[in-house]
Structure formats: structure tokens, C-alpha cells
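Structure, as C-alpha cells:
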Amino acid sequence: MIKDILVSLRVADVGEDVAGDYAVSAAAALDAHLTGVAVSYEIDVPPVYTEAFSTDFIEAQRAEAQRLARTSVERFGEAARSLGLTGEVRLVDGTPGGAAEQIGVMARLYDLTIVSQADPDKLGPEDVVTEAVLFDSGRPVLVVPRKQQKPFSAKRIMVAWDGSRTSARAVAEARALLGHAHLVEAVVVDTGKPLRKKGVDLPGADLARHLARHEKTVELRTLVPSGDESIADVLLKEVAARDIDIVVMGGYGHSRLREFVLGGVTRDMLERMTVPLFLAH
């Protein structure tokens, strides 16, 4: 059961906090406790340039960052109260990388962490936070599209299945959500490469049998890319055609010396997602 949710709040002066609002609706629907984490971002000044910035400038930047964090907390509180929730708040100070690391560690003691999709046109912390939670927490992360308008729903869930360890982990972590679904669709994208791990076939039928033992019926579909379609193309087309609420998939990549590297399909889906993406590593 998902009973303890963490959400990374958007730290900005104006505009909506899509992930925050979505998290509030998720906590209400799942009867879960909700904690929002807001970051007071410090400017990351390399030591060689320290003398170029006056103490007054750095203090002014710190005060502005604290003000923005307070604004995000107030916005979160209003959203929570609108649905009769009492949201807890945690504050973090640090550079974008340092704050992301703190959130990644913090997420270890939550059932689910919700973050916003990064904006490719604007530098922001969302990408780093997503990857830190994915690789550092050992828990799942739910990424909400920047343009998400619908509140939380888990009635129609698609599982992107390839038989890998990370896919299996994602399915296990998502089992609490699958229990709310009216439709669970397992999609295998047939790229012409057999889904074999150490000589053992891992077709989607095995996933369907596994979930059936948890009293969940699965609709299995094998999709074949046409022309130069990528795996992400195929998945997103299916999402639109079947009116999917959430996509569950393994988060591919690795963390080496704190440098996060996401796999190609994971990166494509994070950049082009049209519905919330539930990832586990």
C-alpha cells in the first residue's frame, strides 16, 4: 500500500506547481500522508571564482532563494487544504546537485516520490532530482508531465515490459497502484530481438500469469514498430490510443561516481511523456 508520499515542490515565484497539485490529488485518492520538500537553492560558485562575488551579493541570493522556497510551501499548503489534507513540509538547503542528493536519500523512507518532468528549454533541478531518487533511494519515482491537467488516476495502467530486472522491480513497486486499476495492459515492444535472459524466455505471458496470482487480470499486447519508429514512439502511441493514466516501466541507466546516466528509452520517455511515468530501478 502507498501510505507515505514525498513530493518535490516547484520553487518559483509564479506559475502552477503541477507535481505538487498532482501529489495532493494522489494523497487524497490513496488516503496517504503527504510530505512536500522545498529547496532553498544556493548558487554553486567554484572556489576559483569566489572572490568575484561580494558577500552582499551572496546574501541577497540566499535571501531570495529562501523567499522562493517559502512561496512554494505556501502554494503547497493551499493545495493540500483545498482537498482537506494536512501536508507536512521539509526544507532543504544546498546547490542543485547537493539538494538532489539529499532528496534522493530522504526518499528511501517514503513509499513513492513524485517529481515534475524537466523543462528542456529551461535549466532546472527536476532532471537531477528525478535521477537522484531513481538511483539513490531504492524506491519508485512518479514523474508528472509539465502539462498534466488531470488529477491522479490509476484506473488505466500500462506496463512497459521487457523481462529485465528493472521492469520486474517496477512491477513489484507498482503493485499497490495496480490494485486500483480497471485496466492493466502489459505491452511488449517486439524489436526483433528475443527477450531472453541467461537462456530463459521472458515473454509478457509470464507477467500476465504472475499478476493473475495477485488477482489482477492483465491484457497482453505485443506491438511491432513500423518504419523508423522508436520504442518510445510505440509506447506513446499506445498511451494515446488506450487512454492510459500511468505508464509503469523500469528506469534504465547507472550511477557512476555520482554521475547519473539514463538509458535511451528512459530518457526518451522522460522527455516526451504525455502521462505520469512510474519508474523504478
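For region 24-180, take N as its residue count and report Rg(C-alpha) divided by 2.2 N^0.38 Å. Provide the component values of the computation, followed by the final result.
Values: Rg = 17.9 Å, N = 157, 2.2 N^0.38 = 15.0 Å.
Taking N as the residue count of region 24-180, the ratio is 1.19.
Using the eigenvalues of the Cα gyration tensor, what equivalent ellipsoid semi-axes result for the chain when each is taken as the square root of five times the eigenvalue, whole Å, largest first? Intermediate results must be reported in sequence, preceding the final value.
Working: eigenvalues 245, 95, 50 Å².
That gives 35, 22, 16 Å for the three semi-axes.
Bin width 5 Å, origin at 0, all Cα-Cα pairs of region 134-195: what percent of pairs per bin?
Reading upward from the zero bin: 4, 14, 21, 23, 20, 13, 4, 1.
For the chain, what is the mean residue ellipticity at 222 nm derived from helices alone (per DSSP H run of n ≥ 4: -39500 (n - 2.57); sum divided by total residues; nearest 500 deg cm²/dmol)? Mind showing how you got there, number by number?
Working: 9 runs with 106 residues, N = 281.
After summing the helix terms and dividing by residue count, I get -11500 deg cm²/dmol.
Below 8 Å, C-alpha to C-alpha, sequence gap of six or more: please give me the relative contact order for region 73-159 in percent. Walk me through the intermediate numbers first.
Numbers: 92 pairs, mean separation 23.1, N = 87.
Relative contact order comes out at 27 percent.
List the equivalent ellipsoid semi-axes of region 68-133 in whole Å, largest first, each obtained as the square root of 5λ for an eigenvalue λ of the Cα gyration tensor. Mind dumping the intermediate values first?
Numbers: eigenvalues 91, 46, 30 Å².
So the equivalent ellipsoid measures 21, 15, 12 Å along its semi-axes.
Which residues' amide hydrogens lie under 5 Å from the amide hydrogen of GLU42, considering only partners 5 or more residues apart or on another chain, with H built in the peptide plane?
HN-HN under 5 Å from GLU42: GLY94, THR95.
May I have the pair-distance distribution P(r) for region 104-256, computed from all Cα-Cα distances with 5 Å bins from 0 and rounded to whole percent?
Whole-percent P(r) values from 0 Å outward: 2, 8, 16, 20, 21, 18, 11, 3, 1, 0.
Could you look at the chain and say what percent of its accessible area is carbon and sulfur, using a 1.4 Å probe and all protein chains? Working shown, then result.
Values: 7380 of 14330 Å².
Whole-percent figure for carbon plus sulfur exposure: 51.
I need the per residue convex hull volume for region 90-167, using only the alpha carbons, in cubic angstrom as a whole number.
132
Run the simple label-point estimate for GLU229 and THR217 please: 7 Å along Cα→C-beta, distance reported in nm.
With each label point 7 Å from Cα toward Cβ, the separation is 2.6 nm.
Where in region 90-175 are there GluC sites (Glu not before Pro) that are in a DSSP coil and have at most 16 other Cβ atoms within 10 angstrom of their Cβ? Kindly include the intermediate steps, with their values, before the conclusion.
Working: sites: GLU101, GLU126, GLU131, GLU173; in loops: none.
Taking region 90-175 and a limit of 16 other Cβ atoms within 10 Å, no loop GluC sites (Glu not before Pro) are found.
The values are calculated or read from the model by the stated rules, or taken from the named source; none is laboratory data. Predicted, not measured: the structure shown is a model, and the values here were computed from it. Note that we place each Cβ from the backbone using ideal geometry, even for glycine, and neighbour counts take in every protein chain shown. For the accessible areas, the whole protein counts, side chains as well, though only heavy atoms, and no ligand, DNA or RNA atoms are used. Shrake-Rupley method; radii C 1.70, N 1.55, O 1.52, S 1.80 Å.
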